[in-house]
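Right, one structure below, let's go through it.
The values are calculated or read from the model by the stated rules, or taken from the named source; none is laboratory data. Treat the numbers as computed from the prediction; the structure is a model and nothing was measured. Cβ coordinates were reconstructed from backbone atoms using ideal geometry, including for glycine residues, and neighbour counts include every protein chain displayed.
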Amino acid sequence: MEMPKSKYFAIIAVAGFVIAFIEPIILLLLGDDLGGAFWPMAIRTLELTLYLRENRSLVFALTIILTLTALVYNRSENPVSIMLATFSVGLVFGLLVVFKLLDMAYMRGAFVLLPTLYGFLILILSFKIYGIPKNILKSNKKRFSIICNYILVIFAIFLITPGLQAISGLAPHPPEIDLPSSNYSIELTRYEYPMPEEVQKIRGEIEGDIDFSIYLAQPEVDSNKEIPLAIILHGFANPGYSSYTDWVETLASRGISVAYIQYPSDVWPDGHDTYVLHEEDGMSNHPFHVPRTVAIYSALEYLEELIDGKVNTDFLLVGGHSLGAGYSFIVLDWALEKGWGSDSLVVDLEAPYARPVQEDLQVDLSLIPENFVAHVAVSEDDMSVSDCFGVHHQQLLGPKALLLEIPSDRHGFPRLVASHYLQATETHDTLADWGFYRRVVSQGDWLFSMANNDTYNADLAFGTLQNNDDARYMGEWSDGKSVKQIDIYDNAINSSQFKYCSTWTGP
């Protein structure tokens with residue numbers, strides 16, 4: 001069989017490159033935005049990188065064996081084999097570009113093993129296509145092929161080198177943390193709440209398969225114990241309970257009855273296509289706030305019926321992630337007006353987005369009790385929302401509220417990168433344990449102890465929730481280097497780090 005010409009190899013490689021983008025292209029044509037089009041690939045990339053992380057020794061051994069085999073049995077004389085290898089090179093380059101786009105938008109350098117694997121694949125494929133690189137000065141006939149071979153090999157080494165220490169197991173590893181074991185087993189029940197008609201008729205398709213419900217996680221506590229209540233809200237277009245299972249179960253295991261409320265974020269009210277977005281002072285003028293709030297109110301009223309007589313609502317935690325953190329103020333206002341949280345209250349806003357600007361959706365904080373803990377957590381590498389929302393939320397919550405900036409530390413492997421998704425179950429790692437779940441445990445212990453007049457344990461838990469060295473400490477890498485500590489601010493807007501937020505008005 002005659003060997004195809006070089007131009008055909010270029011076409012085959014380009015075809016492989018394009019194939020890598022077929023799924024997002026199709027989703028874009030079907031009406032998804034860029035985020036939605038690339039989201040399935042982002043999830044698969046996350047799953048693959050976590051698999052590589054857990055099995056790096058096996059992957060490293062296989063890549064070394066395959067690379068050595070390709071060196072011994074290098075260039076194929078079969079044109080079909082060479083064309084397949086060329087197509088694969090294009091495909092790997094396409095997948096690498098997808099990875100880099102996702103890394104810029106979401107992962108922020110957290111994963112190094114996937115580019116390393118891609119580098120090994122390119123190296124192996126280059127040997128199959130061109131063989132071992134030859135001396136370019138001694139050959140004039142196939143100089144272009146030799147140059148291409150060198151480019152592929154050099155680029156492969158460029159990809160492999162940053163992750164070589166990690167994949168070989170030689171990089172320092174992050175500190176493990178032994179979180180307190182669960183105090184109570186949990187019973188989880190789902191209750192679909194009535195969706196108001198005016199909201200139902202303007203729902204979009206993104207969440208079309210969701211039967212909006214309240215997931216109620218009840219701890220199996222002795223009948224003589226008081227059970228506080230926690231209400232958790234999810235981020236934009238991510239109502240699935242699975243993304244927040246670890247948050248809910250961590251709280252519930254401390255003796256807290258946790259209501260995870262799904263609300264529709266994909267709604268299209270009148271004016272959605274004519275308003276001009278304005279973000280200021282932690283608020284935004286989205287018209288979507290109104291129907292979402294109507295749905296949240298319906299869920300809260302249904303929750304009130306579900307928990308009647310089963311929990312002590314005088315002891316309350318209200319928390320949320322991203323958009324849900326902004327809507328935590330809606331929940332807080334409703335709950336305080338009902339008399340909930342009148343004894344002890346925790347507010348936990350994680351990677352928060354805007355609260356509503358509408359006048360009738362403002363929060364009245366005059367009923368906040370003396371026993372009050374508030375944490376507003378932002379992540380160093382959050383590429384989805386501005387820290388300024390959290391800064392203004394802290395200012396609104398008053399002098400007892402703390403703003404915590406969770407740091408990124410790329411010293412060892414796995415890298416500790418604080419992204420917008422630190423709180424999601426899918427990205428639950430060592431950094432999340434230190435920077436988030438450790439705090440969740442203390443919040444639950446404090447609230448449960450307060451509800452049951454256990455002043456000793458309440459004081460212990462309260463001490464870990466303040467601006468002190470223990471709260472900032474993040475452990476040490478295996479080589480003895482300290483992990484970057486959490487920065488905690490009593491009044492972030494007046495700090496040099498966040499002073500710009502006083503005049504920030506959105507993107």
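A few points about this structure:
- Some residue of the stretch 357-371 being surrounded by 21 or more Cβ atoms within 10 Å (Cβ to Cβ) and within 28 Å of the chain's Cα centre (by Cα): no
- Only listed residue being touching a residue at least 12 places away in the same chain (Cβ under 8 Å), over 17 Å from I296 (Cβ atoms) and assigned by TED's automatic domain parsing to the domain that holds Y327, chosen from V199, V221, V258: V221
- Flag for G435 being within 22 Å of W247 (Cα to Cα) and either in the same structural domain as L102 (by TED's automatic domain parsing) or surrounded by fewer than 18 Cβ atoms within 10 Å (Cβ to Cβ) (or both): no
- Which listed residue, of G163, G169, is in contact with a Ser or Thr (Cβ under 8 Å, 6 or more places away or on another chain), under 30 Å from S88 (Cα atoms) and loosely packed, with under 15 Cβ neighbours inside 10 Å: G169
- Candidates in the stretch 261-297 are the residues that are without any contact (Cβ under 8 Å) to a residue 24 or more places away in the chain and over 26 Å from Q395 (Cβ atoms); of these, the one that is surrounded by the most Cβ atoms within 10 Å (Cβ to Cβ) is H272.
- Among the residues listed as I25, I65, the single one being in a helix (DSSP H, G or I) and either more than 30 Å from H420 (Cβ to Cβ) or not assigned by TED's automatic domain parsing to the domain that holds G163 (or both): I65
- Among (1) more than 24 Å from L102 (Cα to Cα); (2) outside any helix (DSSP H, G or I); (3) touching a Leu at 6+ places or on another chain (Cβ under 9 Å) - the single one P414 does not satisfy: (1)
- Which numbered condition P194 misses (of (1) of a type outside the set (A, V, I, L, M); (2) assigned by TED's automatic domain parsing to the domain that holds T49; (3) at pLDDT 95 or above): (2)
- Taken together, the residues in the stretch 486-507 that are buried (at least 16 other Cβ atoms within 10 Å of the Cβ) and closer than 25 Å to P174 by Cβ amount to 4.
- Restricting F99, F87, F60, F93 to residues that are closer than 30 Å to D409 by Cα, assigned to a helix (DSSP H, G or I), outside the structural domain of T427 (by TED's automatic domain parsing) and over 27 Å from the mean Cα position of the chain (by Cα) narrows the list to F60.
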